[in-house]
Amino acid sequence: MEINNVNVPKSARRYVDYHPSVWGDYFLAYDSSITDIDHEEEGQVERLRDEAKKMLIEAHHATSTIKLLEIIDNTQRLGVSYHFEKEIEESLKHIYNNMNCDEFGDDNNLEIVALRFRLLRQDGYNVSCDVFERFKDDEGNFKKELASDVKGILSLYEAAHLGIGGENILEEALRFTTKCLKSMVPKLSGYVVTHIIHALKMPIRRTLARVAARQYINMYQDNPEHSKVLLQFARLDFNMLQKLHQKELSGITRWWKGLDVERNFSFARDRLVEAYLWMIGVYFEPQYCRARRFTTQIFSLASILDDLYDVYGTHDELEMFTDAIQRWDINASQQLPPYLKLLYQYIFDTYAEMEELLAKENISYRVHYAKNELKKLVRAYHQEFKWYHSGYVPTFEEYLKVALVTACYMMLSTTSLVGMEEELVSEENFKWITSEPLMVKASSIVCRLMDDRIGHKFEQERGHVASAVESYVKEFECSKQEAYVKLEKLVVNAWQDLNKDSLQPMPAPMLVLVRVLNFARAINLLYKDEDIYTNSKTKLKDIITKFDGSIGEAAERMYRMNFEDDELDDDEESDEEEETESSIDLLVRFVQSMFKKVSKRAKKATRSILPDVISPQLVTFAVDGVLILALLSILKAFLEVICSLGGAVFVAILFLRVLWSAVSYFQSTGSDFNSGGSSYGRTQPTA
């Protein structure tokens, strides 16, 4: 492709004013007193888990499969199926092996057929889509009478998202059911319409399990046919896991604070909490604690690298830094500027810490694969920078070859396996996942093209390498709208590839494939309509707030209502306490946010008038000290006013109380006189 006529100066820096972290030190406050799980709570969860397991086993041995299918579906959507992996696996295997037997005489029930198809395909069973042929008419269209079967249409809609390339009937089913569901919305109400609207926005196959569970718990509660045991179990289990996640995030936040992103890397997005939510989407289960922590750390550091190459680094700095990463030697950082030396040290130490930890289990080889993927990522970042620096617009094929790497999912897919338990992942799995297999490429395509589709306008305005949109438009001489259609089609094809590699025979164990699939699901949440990772102070903040806000009290209320029949008054008091705590929390966050904003601007203004010999640390200390003293002075004056007003108000209230007592006395006396004199003047009864 031709070269643009304007090159970027080697010393030029770009700058984007990303908003600071909306969380500040909020998650540092989570200590053991908040996140510890008491024995009573554990006992309730264990009892309810046993009851749910009993329900699952009984349904497995029942003559009808509909109950079993519904229980499996509900446990998965409520986020508690990880407790029953063995039981669910046995049940699905039994259903698959007996699909053609008379035992399952429900092949004309669209809801059951579609639900069975979806559950089996989700678990890797290659069920034929021909099971839906019976629901077509003689002309090859889906029967018109199906349009009134709300549950059946919704079930088929969800099943259609499990299609692979060439399965035309599932593509037709998706178009048919989408049209039907949209037409149903104005005519329905309550639980059903809520379910439909949610499904149209986020189908099960493309939704993160943890996010879906938080939403489905509320929807399931409104279902008149819900199981009280499953609902209560899901609520309490969610709450217990939430405490574990809060404790993890508190520890990772302490690690992150050592990097001091706001001061040392002000050009970068400070999004640790958002990165942690991303990783909860990849694996939320308690057994993946170590893997979740390490992947969050690397993801957060990679986010800084992304902004370094996209926004801030100069030509010479990035040449040196790229070389240092390829050498992977702490001595290679000596020639770097201080801020890059600090970043290099943090990257180096984070991998070294994990390598030392895994060496005790004789699986430190995993870190080698992860390092190589980071090196590949940095090389790709540097290639994109060189394209931008020289004004080169790559062909669409050239762009994808590099941009699928800078989408980060190849590196993160490998990294996500590093901290998993020894018996879960083998070296063969690392060899597979680092070979750029179809599934990893498909997940990267979903990430890259959805990101480019949403963010390319903003990126081009600030100065950025050509995105997929610009490359496609330039090469094929088409409009942006035509490019959008093409990118959307490629994303659809990528989802079909993800589905294909999730079916038997699988290229890797399901627990490995699910990590790759979940990365694609995360993008579907964070980049569906806008980039809510970069602009995290609106929608993503609300999502995280819902996760952070305890549903423990709601769970307790449900427990009392369902199993102890307590009065509603206690619930209302709990709601009021929850609202009060939420209001105080919001006030504290507001004060922290305002202080940081004022402090940041004051530091910039101060540095602009002071000589360079004065260190930034001294300026920070002085500015923050002055602001704190000013804040304390304002608080002192405010309290003095309150005390003065309080004294006057107290005297006024005392005067009014005396006056009211006097009036009440005279009214009482007058009443006695009017009724025949005082009690002392009346004739007393004799004994």
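The values are calculated or read from the model by the stated rules, or taken from the named source; none is laboratory data. Computed from a prediction, not measured in an experiment: that's the story for all the values here. Backbone-built Cβ (ideal geometry, glycine too); neighbour counts: all protein chains shown.
With the structure loaded, tell me whether Leu241 is in a helix (DSSP H, G or I) and within 24 Å of Glu46 (Cβ to Cβ) or whether it fails that test. Here the answer is yes, as Leu241 does meet what is asked. Residues in the range 320-330 that are of a type outside the set (A, V, I, L, M, F, W, C) and free of Cβ contacts under 8 Å to residues at least 40 places away in the same chain: 3 in all. Taking (1) within 30 Å of Asn108 (Cβ to Cβ); (2) crowded, with 21+ Cβ neighbours inside 10 Å in turn, His245 satisfies each apart from (1). Here Asp307 meets the list (1) under 24 Å from Thr253 (Cβ atoms); (2) in contact with a helix residue (DSSP H, G or I) (Cβ under 9 Å, 6 or more places away or on another chain); (3) crowded, with 17+ Cβ neighbours inside 10 Å almost entirely, failing just condition (2). None of Leu115, Leu146, Leu156 is surrounded by fewer than 21 Cβ atoms within 10 Å (Cβ to Cβ), under 26 Å from Asn223 (Cβ atoms), assigned by TED's automatic domain parsing to the domain that holds Asn168 and of a type in the set (A, V, I, L, M, F, W, C) except Leu146. Determine whether Arg254 is buried (at least 16 other Cβ atoms within 10 Å of the Cβ), under 28 Å from Asp36 (Cα atoms), modelled with pLDDT under 95 and not hydroxyl-bearing (Ser, Thr, Tyr). Judged against the criteria, Arg254 is not a match.
Is the range 262-269 home to any residue that is at pLDDT below 95, outside the structural domain of Arg521 (by TED's automatic domain parsing), of a type in the set (D, E, K, R) and crowded, with 19+ Cβ neighbours inside 10 Å? The answer is no; no qualifying residue exists. I'd like to check something: does the range 338-347 contain any residue that is in contact (Cβ under 8 Å) with a residue 24 or more places away in the chain and in a loop (DSSP other than H, G, I, E, B)? No, the range 338-347 contains no residue that is in contact (Cβ under 8 Å) with a residue 24 or more places away in the chain and in a loop (DSSP other than H, G, I, E, B).
Annotation: His83 fulfils all but one of (1) in contact (Cβ under 8 Å) with a residue 60 or more places away in the chain; (2) out of contact with any Leu (no Cβ under 9 Å at 6 or more places or on another chain); (3) under 22 Å from Gly152 (Cβ atoms); the unmet one is (3).
Only a single criterion out of (1) modelled with pLDDT of 95 or more; (2) buried (at least 19 other Cβ atoms within 10 Å of the Cβ); (3) over 25 Å from Gly391 (Cβ atoms) is not satisfied by Leu318, namely (3).
Please determine whether any residue of the range 112-121 is out of contact with any Leu (no Cβ under 8 Å at 6 or more places or on another chain) and either among the polar types (S, T, N, Q) or within 23 Å of Ala494 (Cβ to Cβ) (or both). Looking through the range 112-121, none of the residues is out of contact with any Leu (no Cβ under 8 Å at 6 or more places or on another chain) and either among the polar types (S, T, N, Q) or within 23 Å of Ala494 (Cβ to Cβ) (or both).
Looking only at residues of the range 1-54 that are of a type in the set (S, T, N, Q) and at pLDDT 90 or above, we find that the one that is surrounded by the fewest Cβ atoms within 10 Å (Cβ to Cβ) is Gln44.
Of the residues Leu181, Leu174, Leu146, the single one that is over 29 Å from the mean Cα position of the chain (by Cα) and either at pLDDT 95 or above or under 19 Å from Gln76 (Cβ atoms) (or both) is Leu146. How many residues, within the range 200-223, are of a type in the set (Lys, Arg) and in contact with a His (Cβ under 8 Å, 6 or more places away or on another chain)? Going through the range 200-223 one residue at a time, the tally reaches 2. Candidates in the range 201-225 are the residues that are free of Cβ contacts under 8 Å to residues at least 24 places away in the same chain and more than 13 Å from the chain's Cα centre (by Cα); of these, the one that is surrounded by the fewest Cβ atoms within 10 Å (Cβ to Cβ) is Glu225.
Yes/no per residue for (1) of a type in the set (D, E, K, R); (2) surrounded by fewer than 21 Cβ atoms within 10 Å (Cβ to Cβ); (3) without any contact (Cβ under 8 Å) to a residue 40 or more places away in the chain; (4) in the same structural domain as Asp497 (by TED's automatic domain parsing):
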{"site": "Thr194", "(1), (2), (3), (4)": "no, yes, yes, no"}
{"site": "Ala234", "(1), (2), (3), (4)": "no, no, no, no"}
{"site": "Met240", "(1), (2), (3), (4)": "no, yes, no, no"}
{"site": "Glu274", "(1), (2), (3), (4)": "yes, no, no, yes"}
{"site": "Ser303", "(1), (2), (3), (4)": "no, no, yes, yes"}
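Within the range 357-377, one or more residues are closer than 20 Å to Arg269 by Cα and either surrounded by 17 or more Cβ atoms within 10 Å (Cβ to Cβ) or over 29 Å from the mean Cα position of the chain (by Cα) (or both). Closer than 24 Å to Arg515 by Cβ, assigned by TED's automatic domain parsing to the domain that holds Asn141, more than 19 Å from the chain's Cα centre (by Cα) and at pLDDT 95 or above: does that describe Leu162? Yes. Listed here are the helices (runs of 4 or more DSSP H) enclosed by the range 394-510 that have at least 1 residues being among the acidic types (Asp, Glu): 396-406, 427-433, 438-462, 468-476, 480-501.
Would you say Glu353 is assigned to a helix (DSSP H, G or I) and within 16 Å of Val425 (Cβ to Cβ)? Answer is no for this residue.
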